[in-house]
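All remarks here apply to the structure that follows.
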Amino acid sequence: MRILLVEDEKKVAEIIERGLKAERYAVDICHNGREGWEMAAAYEYDIIILDLMLPEMSGTEILEKIRRKNQQVPILILTARDAMNDKVKNFELGADDYLTKPFAFAELLLRVKALLRRGPVNRSSILRVGDLEIDRLSQSVRRAGKKIDLTAKEYGLLEYLATNPGRVFSRTMIIEHVWDQSFQGLTNIVDVYVRHLREKVDDAHPLKLLRTVRGVGYCLSDEVAA
Amino acid sequence: MNSRSISFRLVVWYAGLLAVIFSALFALLYLNVRLFLINDMSQSQVRRTQQVASLLLAQPGQAGQIATEAKEWFQPETNDRFIRISHTDGTVIYVSGAPIDGSFDPRKVPAIGDSSEAEFSRQVQLSGGEILMVTALKYTSPGNQDYLIEYGASLDPVQTMLNRLFLRLAVGLPLAIILMTAGGYWLIRRALAPVEQVTRAAERITQHNLDERLPVSNTGDELERLSISLNRMIARLNDAFQNSKRFVADASHELRTPLTILRGELENMAEDPRLGLEWRERAASLLEETERLSRIVEQLFTLSRLDAGEAQAEWARFDLAELARSTAEQMNLLAEDKRISINCDAGQPVMVEGDRARLKQVVVNLLDNAIKYTPKSGAIQLRIQAANGHAVLDVEDNGIGIAADVLPHVFERFYRVDQSRSGESEGAGLGLSIVKSICTAHGAEVGVVSTPNVGTRFSVKLPLRKN
């Protein structure tokens, strides 16, 4: 898998590159727009991560040029701009996804993976983490064969975490997916729901699946901690 | 009327000046009339004495004859006049009888003292209180006899006339002052009416419509200049406001990239197994602060976008009651965690027009605020109703309340009721200012009433239809 990253902030580029390389992706980096467009035109990439504010040629311009060539390559826009009209405009121009700074790297990785697979991260109707079983069709949850009753939000939270077992989800990511933008800034609501979810899912079992990664967020994992 | 307004003060000065000038004029008039009447009377009496002299004393005659002739010619009793003719040594030749109206007793008029003048007038007060004006004439007859002729009349008619004049002036003066003051007030009001208009127009201008200007009358007068100067000042204010808004927008924008770097590096460190547990913990702690910083930047950016009027981006028609119900449901667990009950009174659909996501944020922030400041086992009442063309959203709690002196500040940015609270990781005192900004963008009013230790009620009044 080969990724093109066009980002003029060298440090941001470095962090993303490091993270992506750790996930065994091949990453090409450009620090200005013209170079970025030349690379995008010259090579076949599996995904392009594009910053909007670039020297010499703006991200929007590159986006337009790539799409004029009718390339099917998935494009993830990365920007500090998040005004509504910008978002709409970039989707119209053919961006596949959009991430505003500052973002959690975990979220970037999730989006990249989703774009690479061209669909939901995990489409199977039954999600399994250890002895926890989530049936997406009937929205029912069992642990060790025993049914667990969850409210709609609790189920939504658990299902979201279960789409990527072992992956850490930030509170902001959880709020945006399980709740909506209106709850932004209300991160303690996630903590309260996770606590309730723990009571129902983990309390009766020695192996705790719902884990807190301090400062980052939560993850669902059945790996025995080192 | 405001006792400190210019029109009031001008009218008071005006009335005072008028009263002084008119009083002086009236006093002058009164004194002049009095002088004129007395002079006139004394002159006519001088003529009478001369008549007495030429008619009675020019030919030598007996005293009895003089008396008879005096009666015949002058009829002093019928005319209420006093006539006395005497020799210079004081022997009286003739004195008139009591007048018909009985206004004075002629016998009581004292004899005249020595005077070098040939002709003079004096006022004599009789023992009965009556005042007589008596004119005396020294006359030497062709027969070389010296006479003193005195002719007098009561001053009463003059006094009556003066009294009548005084009465008229006393009534007329206040009346004139009242009329002129009223006229003056009307004129001043007329002259100041444009000032009132400018004031009202200026009051309509707040930080949210600084692009509006005052009406400028094309009259070339002081008021036109005032309006123009005020408009220039508003323009400068507008610039300053725009600058500070742009600053917030730019600053929150520029902070994003460094925050991304901080966050990315710290995430790496927090999960790097090569680092010891203590260092990972420290990185995690820093990461928490970075998240908090990101949230503040996000909220500031939200505020600057609202200021720039971007709330109208996704305008739609929807049921506010339904929105409140579902939001309360989503927030319920947060309340339950503190054993607080949220009672949602939103049975009837209330259709409003607005940005649904933004208005949801209003409900979320108000509920979050209520939950934060309500102690365990409290209760929150969420009410939606339609009244008088408005949708009214009330969030009422029975929590700690807000003191009256800080109540007007709760919607200010970064304002915290309790400064010691700043140590808490959530929020930066921007939640309620976001509520306020969203409401303003929707043409809605947001208000708060609170009683310490009893509870607080936030009310949002939203027009049912977009204006």
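Data overview
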item	result
Flag if A:H177 is away from every other protein chain (no Cβ under 12 Å), surrounded by fewer than 21 Cβ atoms within 10 Å (Cβ to Cβ) and not in a helix (DSSP H, G or I)	no
Answer from B:I188, B:I177, B:I149 - the residue that is surrounded by 14 or more Cβ atoms within 10 Å (Cβ to Cβ) and within 30 Å of B:S217 (Cα to Cα)	B:I188
Test: residue in the range B:395-417 that is assigned to a helix (DSSP H, G or I), away from chain A (no Cβ under 14 Å) and touching a residue at least 40 places away in the same chain (Cβ under 8 Å)	yes
Pick from the range A:216-226, criterion more than 18 Å from A:R128 (Cβ to Cβ) and either surrounded by 14 or more Cβ atoms within 10 Å (Cβ to Cβ) or of a type in the set (V, I, T) (or both), ranking: nearest to the other protein chains (Cβ to nearest Cβ)	A:V216
Residue match in the range A:132-152 (condition: within 13 Å of another protein chain (Cβ to nearest Cβ), buried (at least 20 other Cβ atoms within 10 Å of the Cβ) and without any contact (Cβ under 8 Å) to a residue 12 or more places away in the chain)	no
Some residue of the range B:6-21 being touching a strand residue (DSSP E or B) at 6+ places or on another chain (Cβ under 7 Å), among the polar types (S, T, N, Q) and surrounded by 16 or more Cβ atoms within 10 Å (Cβ to Cβ)	no
Among (1) within 12 Å of chain B (Cβ to nearest Cβ); (2) touching a residue at least 12 places away in the same chain (Cβ under 8 Å); (3) part of a loop (DSSP other than H, G, I, E, B), the one test that A:L207 misses	(1)
Top-ranked residue of the range A:1-17 - restricted to ones that are part of a helix (DSSP H, G or I) and not charged (D, E, K, R), ranked as farthest from the other protein chains (Cβ to nearest Cβ)	A:A13
Some residue of the range A:31-45 being on the phi > 0 side of the Ramachandran plot, out of contact with any helix residue (DSSP H, G or I) (no Cβ under 9 Å at 6 or more places or on another chain) and either modelled with pLDDT of 90 or more or more than 12 Å from every other protein chain (Cβ to nearest Cβ) (or both)	no
First in the range B:125-147 and among the hydroxyl-bearing types (S, T, Y) and assigned to a loop (DSSP other than H, G, I, E, B), second anywhere and modelled with pLDDT under 80 and buried (at least 16 other Cβ atoms within 10 Å of the Cβ), Cβ under 6 Å, 6 or more apart	B:S141/B:L57
Among the candidates B:G183, B:G220, residue that is surrounded by fewer than 12 Cβ atoms within 10 Å (Cβ to Cβ) and not in a helix (DSSP H, G or I)	B:G220
Subset tally (residues that are surrounded by fewer than 21 Cβ atoms within 10 Å (Cβ to Cβ), at the interface with another protein chain (Cβ under 7 Å from one of its Cβ atoms) and either closer than 19 Å to A:Y218 by Cβ or among the acidic types (D, E) (or both)) for the range B:251-267	1
Conditions (1) closer than 22 Å to B:S252 by Cβ; (2) in a loop (DSSP other than H, G, I, E, B); (3) more than 13 Å from every other protein chain (Cβ to nearest Cβ): number failed by A:Q72	(1)
Enumeration of residues in the range B:68-89 that are over 17 Å from B:Q45 (Cβ atoms) and touching an Asp or Glu at 6+ places or on another chain (Cβ under 7 Å)	B:H87, B:T88
Residue tally, condition buried (at least 21 other Cβ atoms within 10 Å of the Cβ) and either modelled with pLDDT of 70 or more or hydrophobic (A, V, I, L, M, F, W, C) (or both), over the range B:414-430	1
Failed item, numbered, when A:V27 is tested on (1) in a helix (DSSP H, G or I); (2) in contact with a helix residue (DSSP H, G or I) (Cβ under 8 Å, 6 or more places away or on another chain)	(1)
Exclusive hit being more than 12 Å from chain B (Cβ to nearest Cβ) and on the phi < 0 side of the Ramachandran plot, set A:V168, A:V213, A:V201	A:V201
Residue that is surrounded by the most Cβ atoms within 10 Å (Cβ to Cβ) [pool: residues in the range B:268-285 that are of a type outside the set (S, T, N, Q) and farther than 18 Å from A:G19 by Cβ]	B:R282
Complete set of residues in the range B:92-125 that are of a type in the set (A, V, I, L, M) and more than 60 Å from the chain's Cα centre (by Cα)	B:V92, B:I93, B:V95, B:A98, B:I100, B:V109, B:A111, B:I112, B:A118
Condition met for A:L20 (within 13 Å of another protein chain (Cβ to nearest Cβ), in contact with a strand residue (DSSP E or B) (Cβ under 7 Å, 6 or more places away or on another chain) and modelled with pLDDT of 90 or more)	yes
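Yes/no per residue for (1) in a loop (DSSP other than H, G, I, E, B); (2) surrounded by 17 or more Cβ atoms within 10 Å (Cβ to Cβ); (3) touching a helix residue (DSSP H, G or I) at 6+ places or on another chain (Cβ under 9 Å):
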{"residue": "B:S44", "(1), (2), (3)": "no, no, no"}
{"residue": "B:V52", "(1), (2), (3)": "no, yes, yes"}
{"residue": "B:T68", "(1), (2), (3)": "no, no, no"}
{"residue": "B:P76", "(1), (2), (3)": "yes, yes, yes"}
{"residue": "B:E117", "(1), (2), (3)": "yes, no, no"}
{"residue": "B:S121", "(1), (2), (3)": "no, yes, yes"}
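So that you can scan it fast, the table gives a plain yes or no per residue for (1) modelled with pLDDT under 85; (2) within 13 Å of the chain's Cα centre (by Cα); (3) outside any loop (DSSP other than H, G, I, E, B):
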| position | (1), (2), (3) |
| --- | --- |
| A:D82 | yes, no, no |
| A:N90 | yes, no, yes |
| A:N122 | yes, yes, no |
| A:R128 | no, no, yes |
| A:I134 | no, no, yes |
| A:R142 | no, no, yes |
| A:K153 | no, no, yes |
| A:L161 | no, yes, yes |
| A:G166 | yes, no, no |
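The values are calculated or read from the model by the stated rules, or taken from the named source; none is laboratory data. Model, not experiment: these values are computed from the prediction. Cβ coordinates were reconstructed from backbone atoms using ideal geometry, including for glycine residues, and neighbour counts include every protein chain displayed.
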